[in-house]
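A.B. asks: Quick one: structure below, then a few questions.
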Amino acid sequence: MDMDVKIEQSWKNALSAEFEKPYFASMVRFLHQEKASGKVIYPPGSQIFRAFDLTPVDKVKVVILGQDPYHGPGQAMGLSFSVPNGVPAPPSLRNIFKEIESDLGIRMSGSPNLENWARQGVLLLNSVLTVLAGQPTSHGAIGWQQFTDAVISYLSENCSGIVFLLWGNFARQKAALIDPSRHHILTAAHPSPLARGAFFGCRHFSKTNQILISEGKTPIDWQL
């Protein structure tokens, strides 16, 4: 990662002011130092901005906000909740699939790779974009939240009719950044098993599609 940030062009234009700010330069330096000292950082550098690369600004219809990347080997791929094919679906993702099956009456293949959602306009955004191997939330305070808050604010101010899915208390706090007169905010418990099933029955997937249709947009094909 260098200051010529390798990110999809529409996002590069939208976020150009963030890339010039001191906190961003400081964060880049910190990540370089961590890597140089032999620490393992997830996801790989080329995938840190994967969510943006797959979902350009003008394609964003839905935002699913996660907290930080998975910290196990081979899991994080730059998309919230998603892991590559061949990697077992983590518990939160399994619960998301259960809710989709019950909400929409469809069968999920079990493929844990959510790139197909991203290509349809679902921005799979983690609030923090990197993590140390085996250490959840280890990069929570290095500057990523300022950056991703700017992403949410930009979408709120410059787009309309986006459906924001905010699951769990951490994500719900981001509602303060979103203009509810321009966008749709759906909140629910986190899909983690720690929430003891409180996520089930939120029906966010059918509700999202109803909203998109009412906005004259193509609904998401959630089936994988």
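The values are calculated or read from the model by the stated rules, or taken from the named source; none is laboratory data. Because the structure is predicted, anything quoted here is derived from the model rather than measured. When we count neighbours, we look across all protein chains shown, and the Cβ atoms used for this are built from the backbone with ideal geometry, even at glycine. These area figures cover heavy atoms from the full protein model, side chains too; ligands, DNA and RNA do not enter into them. Shrake-Rupley method; radii C 1.70, N 1.55, O 1.52, S 1.80 Å.
A.B. asks: Which loop-located chymotrypsin sites (Phe, Trp or Tyr not before Pro) does region 139-174 contain, where loop means any DSSP state but H, G, I, E or B and the Cβ has at most 16 other Cβ atoms within 10 Å?
C.D. replies: Qualifying residues, ordered by number: none.
A.B. asks: Net charge near Leu93, counting Lys/Arg +1 and Asp/Glu -1 over other residues with Cβ under 14 Å of its Cβ?
C.D. replies: In short, -1.
A.B. asks: If Lys and Arg each add +1 and Asp and Glu each add -1, what is the summed charge of the other residues whose beta carbon sits under 12 Å from the beta carbon of Ile178?
C.D. replies: Net of charged neighbours comes to 0.
A.B. asks: Where does helix 144-158 land angle-wise versus the long Cα axis of the chain, in degrees 0 to 90, nearest 10?
C.D. replies: That works out to roughly 50 degrees.
A.B. asks: In addition: Apply the a/c threshold of 1.5 to the C-alpha gyration tensor of region 65-144 and tell me whether it is rounded, prolate or oblate.
C.D. replies: Since a/c reaches 1.5 and a/b is larger than b/c, the shape of region 65-144 is classed as prolate.
A.B. asks: Another question about this same structure. For the chain, what is Rg from Cα atoms divided by 2.2 N^0.38 Å, rounded to two decimals?
C.D. replies: Here the Cα radius of gyration is 0.98 times the empirical estimate.
A.B. asks: Among the lysines, which fall within straight-line cross-link reach of Lys59, defined as a Cα-Cα distance under 24 Å, with same-chain neighbours fewer than 8 residues apart omitted?
C.D. replies: Lys6, Lys12, Lys174, Lys207, Lys217
A.B. asks: Note the angle between two axes, namely the Cα long axis of helix 91-104 and the longest principal axis of the Cα atoms of the chain, as a number of degrees from 0 to 90, rounded to the nearest 10.
C.D. replies: The answer is roughly 30 degrees.
A.B. asks: For the chain, with only Lys/Arg (+1) and Asp/Glu (-1) charged at the beta-carbon, what is the dipole magnitude about the Cα centre, in debye rounded to 20?
C.D. replies: Computed about the Cα centre, the dipole is about 440 debye.
A.B. asks: Would you mind counting up the charge near Ala189? Only other residues with Cβ under 14 Å from its Cβ, with Lys and Arg at +1 and Asp and Glu at -1.
C.D. replies: For residues surrounding Ala189, the net value is +3.
A.B. asks: Taking GluC sites (Glu not before Pro) that fall in a DSSP loop and have at most 16 other Cβ atoms within 10 Å as cut points, what is the longest piece of the chain between them?
C.D. replies: 21-214
A.B. asks: What's the longest piece of the chain with no exposed trypsin sites (Lys or Arg not before Pro), counting a site as exposed if DSSP puts it in a loop and it has at most 11 other beta carbons within 10 Å?
C.D. replies: The segment 1-106 is the longest one with no such site.
A.B. asks: Which percent of the accessible area of region 10-144 is formed by carbon and sulfur heavy atoms (probe 1.4 angstrom)?
C.D. replies: C and S atoms contribute 52 percent here.
A.B. asks: Using alpha carbons only, how many degrees (0 to 90, rounded to 10) separate the axis of helix 204-214 from the longest principal axis of the chain?
C.D. replies: 80 degrees
A.B. asks: For region 55-169, what does the accessible surface come to per residue with a 1.4 Å probe? Please give it in Å².
C.D. replies: 35 Å²
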